[in-house]
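The values are calculated or read from the model by the stated rules, or taken from the named source; none is laboratory data. Just so it is clear, the model here is predicted, and its values are computed rather than measured. Positions of Cβ are generated from backbone atoms using ideal geometry, with glycine treated the same way; all protein chains shown enter the neighbour counts.
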Amino acid sequence: MSAEATATPTRLIDRNPSLSGAEMVAQLVPPRQFASASLDSYRPDRDYPSQGAAVAAIRNFMGSSTGGGLFSRRKTPPTLPGIYLDGGFGVGKTHLLAALWHIAPGRKYFGTFIEYTALVGALGYAPTVKLLTGASLLCIDEFELDDPGDTRLMARLLGELANSGTRIAATSNTPPNALGEGRFAAQDFLREIDSLAARFTTLRIDGLDYRRRDTDAHARVSPDVPGELSRVGGVTTLDGFADVLAHLASVHPSRYVRIVEGLSAVGLTNVVTFTNQTDALRFVAFVDRLYDAQVRVIADGTPLDQVFPDDMLAGGYRKKYLRAVSRLIALTTGTD
Ligand SMILES: Nc1ncnc2c1ncn2[C@@H]1O[C@H](COP(=O)(O)OP(=O)(O)OP(=O)(O)O)[C@@H](O)[C@H]1O
Ligand SMILES: [Mg+2]
């Protein structure tokens with residue numbers, strides 16, 4: 001046990017970081033968990049041929065390695081400037097996106113949709129375009145359509161970058177022409193999505209949640225949250241669930257990444273089922289950052305795979321909630 005192991009947990013709600021534009025740009029790389037993700041370390045499931053096909057298509061997207069430069073189109077048919085990895089949760093979309101980023105030459109960026117929109121918010125639109133222009137590849141993990149304004153902004157940004165030669169790779173749990181379906185009916189919004197979709201080749205990846213391939217797991221409930229936190233050691237936090245939700249409401253989601261930075265485990269007590277969709281969606285964004293940073297979650301109260309009530313699971317954000325559940329199972333049980 002290290003000297004740190006007995007350190008008293010800090011409080012999550014006391015962590016309220018700010019992030020400068022320069023710091024945001026420095027973070028546009030794959031999360032720690034995917035620092036060494038490669039096409040070779042991706043193991044396609046033979047029961048789902050679309051997985052092997054996706055690997056081949058990604059290699060092709062980068063151009064033939066014998067074709068005179070990674071981005072050469074000489075030996076491959078002309079391709080659209082964008083590639084879009086669509087599939088259920090846990091099928092390895094982020095892994096493949098990070099693998100693509102690692103093999104791309106030159107200046108390249110990797111971030112979530114939310115990080116790019118936060119960057120535009122911090123720097124302004126024109127400076128962001130200027131900064132990103134000239135990149136060989138822009139990776140956008142978890143394309144979101146929760147906010148029509150953000151989607152339009154992103155469509156415009158990606159259009160400009162694609163026109164100047166940047167390749168774009170994105171992931172989501174929904175194909176681009178279905179994104180936003182059933183959520184926003186505004187015609188101009190749909191047109192925007194169509195124009196965006198026209199730039200992407202969609203790769204559908206079928207399969208099982210890799211995190212649950214071997215088990216039908218459930219989130220773990222801790223019998224002793226403080227005790228387990230002290231056994232994990234390092235920098236840990238301990239808060240009541242309701243306090244955390246209130247704190248998340250007071251911090252922009254783009255800064256959640258800094259709230260979890262450097263933590264080895266987060267303790268949550270008195271977890272209860274969500275009654276409010278806004279709180280639930282903020283928590284989903286927070287879970288995403290915990291997952292990226294691989295921070296253990298030690299919790300008591302309602303099991304974290306049961307916090308999203310049926311009416312929320314039946315709504316437009318179903319996939320987001322199910323993905324969060326998959327991630328919470330992994331983070332509470334200490335599996336990958
Ligand atoms: N076929 C695979 N071979 C090796 N590792 C895999 C494979 N599929 C997934 N993984 C690993 O499983 C974990 C989950 O995969 P990943 O996060 O890439 O899935 P995802 O499709 O992005 O899921 P989500 O919808 O949650 O974002 C990662 O650690 C990833 O490296
Ligand atoms: Mg992912």
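Observations
- Among the residues of region 111-154, those that are touching a strand residue (DSSP E or B) at 6+ places or on another chain (Cβ under 9 Å) and either without any contact (Cβ under 8 Å) to a residue 12 or more places away in the chain or closer than 19 Å to A57 by Cα (or both) comprise S136, L137, L138, C139, I140, D141.
- Neighbours by Cβ (under 6 Å, 6+ apart or cross-chain): first from region 79-106, in contact (Cβ under 8 Å) with a residue 12 or more places away in the chain and away from ligand 2 (no atom under 12 Å from the Cβ); second β-branched (V, I, T) and in a helix (DSSP H, G or I): L100/I58
- Which numbered condition A135 fails, given (1) part of a loop (DSSP other than H, G, I, E, B); (2) crowded, with 16+ Cβ neighbours inside 10 Å; (3) out of contact with any Lys or Arg (no Cβ under 8 Å at 6 or more places or on another chain): (3)
- Residues that are among the charged types (D, E, K, R), under 17 Å from E142 (Cβ atoms) and surrounded by 19 or more Cβ atoms within 10 Å (Cβ to Cβ), drawn from region 288-336: D288, R289, D292, K320, R323, R327
Listed here are the residues, each with its yes/no results for (1) in a helix (DSSP H, G or I); (2) more than 16 Å from ligand 1 (Cβ to nearest atom); (3) modelled with pLDDT under 95; (4) surrounded by fewer than 22 Cβ atoms within 10 Å (Cβ to Cβ).
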position: A57; (1), (2), (3), (4): yes, no, yes, yes
position: L70; (1), (2), (3), (4): no, yes, yes, yes
position: R73; (1), (2), (3), (4): no, yes, yes, yes
position: P77; (1), (2), (3), (4): no, yes, yes, yes
position: L80; (1), (2), (3), (4): no, yes, yes, yes
position: F89; (1), (2), (3), (4): no, no, yes, yes
position: P105; (1), (2), (3), (4): no, yes, yes, yes
position: L119; (1), (2), (3), (4): yes, yes, yes, no
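- Residue count, region 107-117 (criterion: more than 11 Å from the chain's Cα centre (by Cα) and either within 16 Å of ligand 2 (Cβ to nearest atom) or assigned to a strand (DSSP E or B) (or both)): 3
- Restricting attention to region 314-336, the residues being over 16 Å from the mean Cα position of the chain (by Cα), touching a residue at least 12 places away in the same chain (Cβ under 8 Å) and away from ligand 1 (no atom under 12 Å from the Cβ) number 5.
- Screening E144 on (1) at pLDDT 85 or above; (2) within 16 Å of ligand 2 (Cβ to nearest atom) shows it passes everything except condition (1).
- Each residue in region 280-336 was checked for being part of a helix (DSSP H, G or I) and within 16 Å of ligand 2 (Cβ to nearest atom), and 23 pass.
- Those residues of region 138-176 which are part of a helix (DSSP H, G or I), farther than 28 Å from G88 by Cβ and polar (S, T, N, Q), in sequence order: N163
- When V251, V307, V272 are screened for being closer than 24 Å to V91 by Cα and of a type in the set (A, V, I, L, M), only V307 passes.
- Residue match in region 294-306 (condition: at pLDDT below 95 and within 18 Å of the chain's Cα centre (by Cα)): yes
- Residue within region 262-269 that is surrounded by 17 or more Cβ atoms within 10 Å (Cβ to Cβ), in contact with a helix residue (DSSP H, G or I) (Cβ under 9 Å, 6 or more places away or on another chain) and part of a helix (DSSP H, G or I) present: no
- Here F274 meets the list (1) in contact with a Phe, Trp or Tyr (Cβ under 8 Å, 6 or more places away or on another chain); (2) assigned to a helix (DSSP H, G or I); (3) among the aromatic types (F, W, Y) almost entirely, failing just condition (2).
- Among the conditions (1) touching a Gly at 6+ places or on another chain (Cβ under 7 Å); (2) within 21 Å of M24 (Cα to Cα); (3) within 15 Å of ligand 1 (Cβ to nearest atom), S136 misses just one, which is (3).
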